[in-house]
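See structure below.
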Amino acid sequence: MASDATERLFREADTQLATQSARAEALATRSGTLVAAIAVAASLLAAVTDDDARGGWLWGAFVFLGASAVTGILVLCMARLAPGPAATQLVRWAGTSDGDILGDLFAVKVLTVEANRAVLARVELMFYTQAVLAAVATGVTLFVVGKS
């Protein structure tokens with residue numbers, strides 16, 4: 001009976017780690033796509049920089065595009081999650097009894113899930129900040145283009 005409960009607990013911890021990894025990868029992919037779109041938008045916007053009448057708004061659009069791109073790069077850098085116990089912990093457990101290893105391994109997995117949860121919260125906040133900055137940049141860009 002205890003073995004069945006232990007297996008379920010480990011399976012749940014592994015499921016949460018896999019889910020967190022998929023979420024981080026999805027956010028990094030979306031952020032990278034948005035950075036690529038920002039690069040295209042900035043290059044297209046650069047074609048209209050010669051008009052002085054739109055200067056302030058135009059540079060504002062560049063500032064928001066740049067801020068969004070930098071935020072996206074931060075998302076890409078921050079979206080690194082721990083997959084489970086570190087290699088040093090695994091080596092340390094090599095000469096330990098099975099009962100001790102299972103308890104320690106489960107504790108490490110739970111701590112990893114919690115640490116990953118905190119990292120994902122920061123990554124999501126940065127991603128949504130990037131999305132808002134990109135939306136503002138798009139609005140300013142449309143305003144600038146509409147004035148021409």
**OP:** Please report Rg over Rh for the stretch 72-148, where both radii come from the alpha carbon positions and Rh follows the Kirkwood definition.
**Re:** 1.37
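How big is the dipole moment of the stretch 50-148 about its Cα centre under a simple scheme where the beta carbon of each Lys and Arg is +1, that of each Asp and Glu is -1, and everything else is neutral? Debye, nearest 20, please. Working shown, then result.
Values: 7 positive and 8 negative charges, 13 e Å.
The dipole of the stretch 50-148 has a size of about 60 debye.
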Subject >> Overall dimensions of the stretch 34-111 by Cα: Rg and Dmax, Å >> reply: 24.7, 76
**OP:** Can you tell me the order of 95-107, 111-123, 36-48 when each peptide is scored by its average per-residue count of other Cβ atoms within 10 angstrom, highest first?
**Re:** 111-123, 36-48, 95-107
Original post:
With all pairs of different alpha carbon atoms counted, what Kirkwood hydrodynamic radius in Å does the stretch 97-136 show?
Top reply: 12.3 Å
Original post:
Give or take rounding to whole Å, what are the principal axis extents of the alpha carbon atoms in the chain, in descending order?
Top reply: 76, 28, 18
**OP:** Rounded to whole Hz and in sequence order, give me ³J(HN,Hα) for the stretch 118-124 from the Karplus expression 6.51 cos²θ - 1.76 cosθ + 1.60, θ = phi - 60°, writing x for Gly and Pro.
**Re:** 5, 4, 4, 4, 5, 5, 5
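Quick note: the coordinates plus some simple rules give every number you see, no bench work behind them. In this text, all values refer to a predicted model and were calculated from it rather than measured experimentally. When we count neighbours, we look across all protein chains shown, and the Cβ atoms used for this are built from the backbone with ideal geometry, even at glycine.
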